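Here's the structure, in structure tokens; my notes come after.
Derivation of every value follows stated rules applied to the coordinates shown; laboratory data play no part. Keep in mind it's a predicted model, so treat the numbers as computed, not measured. Positions of Cβ are generated from backbone atoms using ideal geometry, with glycine treated the same way; all protein chains shown enter the neighbour counts.
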Amino acid sequence: MKEKKILLTGANGQIGTALTKALREIHGTENVIATDITEPKHKNEPFDFIDILNKVRLKEYIGDYKITQIYHLAAILSASGELNPQKTWEVNMTGFLSILDIAVELKLDKIFFPSTIAVYGPTTLRLNTPQHVSLEPGTVYGISKVAGELWCNYYFKKYGLDSRSVRYPGIIGWQSIPQGGTTDYAVEMFHAAINGEKYECFLKADTKLPMMYMPDAIRATTELMEAEKDNIRVRTSYNLSAMSFSPSELVDEIRKHYPRFELTYKPDHRQEIASSWSESIDDSSARADWDWDPEYDISKMTEDMINNLT
Ligand code: NAD
Ligand code: AKB
């Protein structure tokens, strides 16, 4: 069997930090190369600095290291994206098109593209959002991810590129503190509670959003990538779900462990973004096609987050 040689872009981010470790446990450390434009926060060998906007170096590198699969995580997220829409489009779209082109030119086995609940928008059915639904997002991040999903489908149909994708909910993990997203409040809240600090939440108390604990996100990713090719019937991106909650519901859960945790609400520009996203997701296609089944609900996640952070 051909040996897998995996490259992650954006590997120093919130998901990349956990996914690199998980992939190394499955495929062997030397077969999983982490890349990013920032310095890794922890020892992370093998690692290299790769800017996905430098297509020439990207292609040379992928060729030299005989990469067979790419997990393309590099992106600018929803809240940061609104501060510089052109740059966000360049990184999220131009960068991804380079990955797709190189994958076809160098005949890679498969690629993973992380999409997001940010593809939904004001015209999307908000409750139990179906797989096939109106996608008219209001952020440049969401627009770039809808376009990315459509390009995945195009490259699959036109060139047979085996690209696989999920629409991650807001991801919660203890491994790192997320930045630049609209769902970041949840991880910040855990850190504040554990450090005995008061937290000011940038979303309204009742803003319910789809969320997922990191181990479920990692398992969804690896299970999708290992699934039989013929079972993958969605070539844009799979809806993916685990739990949905609002800031006040998370506070109630955290207060079971930290009864004196104090919090105030001061919604900012991120409220408008959050209000345009779905509340809950129908992920029956993922369940049917590759047996997706989440493990963590809000209380199990809260307990595990607190155990790991303390
Ligand atoms: P993150 O912002 O924590 O990490 C992104 C990484 O990309 C950063 O380390 C950054 O340095 C890197 N990067 C930015 N520009 C780059 C460039 N030009 N070249 C190379 N690297 C570059 O993001 P994350 O939360 O880890 O998300 C990873 C992926 O998953 C993203 O594509 C994101 O859209 C998607 N996603 C994340 C979530 C979530 O809640 N974390 C939810 C849905 C989808
Ligand atoms: C963000 O809030 O931008 C991300 C996401 C849901 O894609 N966490």
**Report entry** Between helix 298-309 and the chain: long-axis angle, C-alpha atoms, 0 to 90°, nearest 10
**Finding:** 80 degrees
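What relative contact order, as a whole-number percentage, does the chain give when Cα pairs under 8 Å and 6 or more residues apart are counted?
Details: 597 pairs, mean separation 57.8, N = 310.
Normalised by residue count, the contact order of the chain is 19 percent.
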Query raised in the report: Taking every pair of alpha-carbon atoms in region 55-146, what share in percent sits in each 10 Å bin, from 0 to the bin with the longest distance?
Result: 16, 39, 30, 13, 2
Query - Centroid-to-centroid separation of region 224-251 and region 278-303 [C-alpha atoms, Å] - result: 6 Å
Report summary line: Note, region 86-95: 3J(HN,Hα) by Karplus (6.51, -1.76, 1.60, θ = phi - 60°), whole Hz, Gly/Pro = x, goes 5, 4, 5, 4, 4, 5, 6, 9, 4, x
**Report entry** Loop-located GluC sites (Glu not before Pro) in region 135-222, at most 15 other Cβ atoms within 10 Å (DSSP)
**Finding:** Glu197
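Just to be sure I understand: of the beta bridges DSSP finds with both ends in region 121-272, what percent are antiparallel, rounded to 5?
That works out to approximately 25 percent antiparallel.
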Query - Amide H contacts under 5 Å for Ile281, placed H, 5+ residues apart - result: Asn128, Thr129
Report task. In nm, give the distance between the simple-model label positions of Arg57 and Asp297, each being 7 Å from the Cα along the Cα-to-Cβ direction. Result -> 4.8 nm
Report summary line: So Glu39 and Glu105, fully extended at 0.36 nm per residue minus their Cα-Cα distance, gain in nm 20.8 nm
Query raised in the report: Considering the chain as a Gaussian network with a 10 Å cut-off on Cα pairs, which listed residue, Lys110, Lys208, Lys87, attains the greatest mean-square fluctuation?
Result: Lys87
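Once the other residues with Cβ under 15 Å from the Cβ of His132 are scored (Lys, Arg +1; Asp, Glu -1), what is the net sum? If you can, show how the numbers build up before the last one.
Values: positive: Arg167, Arg233, Arg235; negative: Glu136, Glu149, Asp282, Asp283, Asp289.
Surrounding charge for His132 is -2.
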Query raised in the report: When only DSSP loop residues count, what GluC sites (Glu not before Pro) in region 230-278 have their Cβ near at most 16 other Cβ atoms within 10 Å?
Result: Glu262
Query raised in the report: Can you tell me the Rg and Dmax of the chain, counting just the alpha carbons, in angstroms?
Result: 18.8, 58
Report task. Could you tell me how many degrees, from 0 to 90 and to the nearest 10, lie between the Cα long axis of helix 140-159 and the main elongation axis, the longest principal axis, of the Cα atoms of the chain? Result -> 30 degrees
Query - region 181-219 and region 73-141: distance between their alpha carbon centers, rounded to Å - result: 22 Å
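Note the full-extension length gain between Ser280 and Tyr154 as 0.36 nm times their separation in residues minus their Cα-Cα distance, in nm to one decimal. It would help to have the intermediate numbers written out before the result.
On the way: separation 126, 0.36 × 126 = 45.36 nm, distance 2.77 nm.
Once the chain is fully extended between Ser280 and Tyr154, it gains 42.6 nm.
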Query raised in the report: Tilt of helix 185-194 relative to the longest C-alpha principal axis of the chain, in degrees (0 to 90, nearest 10)?
Result: 60 degrees
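When only C-alpha pairs under 8 Å and at least 6 residues apart count, what is the relative contact order of region 1-66, in percent? The partial results should precede the final answer.
Values: 80 pairs, mean separation 19.8, N = 66.
The value is 30 percent.
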Query - Prolate/oblate/rounded call for region 102-149, Cα gyration tensor, a/c under 1.5 rounded - result: prolate
Requested in this report: Could you tell me which of the pairs Lys87/Lys107; Lys41/Lys229; Lys43/Lys110; Lys145/Lys229; Lys66/Lys145 are separated by over 25 angstrom between their Cα atoms in the structure shown?
Outcome: Lys87/Lys107; Lys41/Lys229; Lys43/Lys110; Lys66/Lys145
Report task. Please build a GNM for the chain, connecting alpha carbons under 10 Å apart, and tell me which residue among Ala193, Ala286, Ala34 fluctuates the most. Result -> Ala193
Query - Rounded, prolate or oblate (a/c below 1.5 giving rounded, otherwise prolate when a/b exceeds b/c) for region 130-285 by Cα gyration tensor - result: prolate
Query raised in the report: Hey, in the GNM for the chain with a 10 angstrom Cα cutoff, which one of Pro259, Pro137, Pro85 fluctuates hardest?
Result: Pro259
